[in-house]
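Quick notes on the structure that follows.
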Amino acid sequence: MFTEPETWVAIAFVILMVVFAYLGIHRTLLKALDHRSERIKAELDDARRLKEEAAKLLAEYKAKRATAEREAEEIVASAKADAERIAAEAKTKMEDFVARRTKTAENKIALAEAQALADVRAAAADAAVTAASTILSQSVKGSVADDLLAKGIAEVRSKLN
């Protein structure tokens, strides 16, 4: 049994454990493991805290992004409404402008018609007066003719103009 190497390994192991126990190495080893355990626990707590903070920040940024998107949509909708309102106002102004221009043109046409009618009447009156004076001057002679001619011309002019 003492000739076998496994026996000597077992004896050396037992002696080493007794020496370690006597020197208190097991306490040092346990303290080192406890410190390492505490350090790992603290790191895990920090990691958990950082994870929670990151989740809060993510939620805040998502909320801010959603708010910004809503504001952008409102701005776009407002701009579209303004553009439509401006277009409607421009259309109304254009229609009003066209109506005023049409009315002005119609008034000018009516005035031109009235002027042309007055010119035609004046020309007709002048022609009638000339014709009447020619006819009367050939058929009536003397002072009676002159009086009748003057009265007739005045009467024709007043009625035609």
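The values are calculated or read from the model by the stated rules, or taken from the named source; none is laboratory data. Owing to the predicted nature of the structure, the values given are computational and were not obtained by experimental measurement. As a convention, Cβ positions derive from the backbone with ideal geometry for all residues, glycine included, and neighbour counts pool all protein chains shown.
Some notes on this structure:
- Selection status of residue 117, surrounded by 10 or more Cβ atoms within 10 Å (Cβ to Cβ), at pLDDT below 95, more than 30 Å from residue 157 (Cβ to Cβ) and not small (Gly, Ala, Ser): no
Quick grid of which residues meet (1) of a type in the set (D, E, K, R); (2) modelled with pLDDT of 95 or more; (3) not in a helix (DSSP H, G or I):
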residue	(1), (2), (3)
26	no, no, no
42	no, yes, no
62	yes, yes, no
70	yes, yes, no
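- So residue 55, is it over 30 Å from residue 157 (Cα atoms), of a type in the set (A, V, I, L, M, F, W, C) and over 27 Å from the mean Cα position of the chain (by Cα): yes
- Beta carbons closer than 6 Å, at least 6 apart along the sequence or on distinct chains, never pair a first residue in the range 73-97 that is touching a residue at least 60 places away in the same chain (Cβ under 8 Å) with a second that is part of a helix (DSSP H, G or I) and of a type in the set (Val, Ile, Thr).
- Restricting 104, 92 to residues that are within 30 Å of the chain's Cα centre (by Cα) and either among the polar types (S, T, N, Q) or not in a helix (DSSP H, G or I) (or both) narrows the list to 92.
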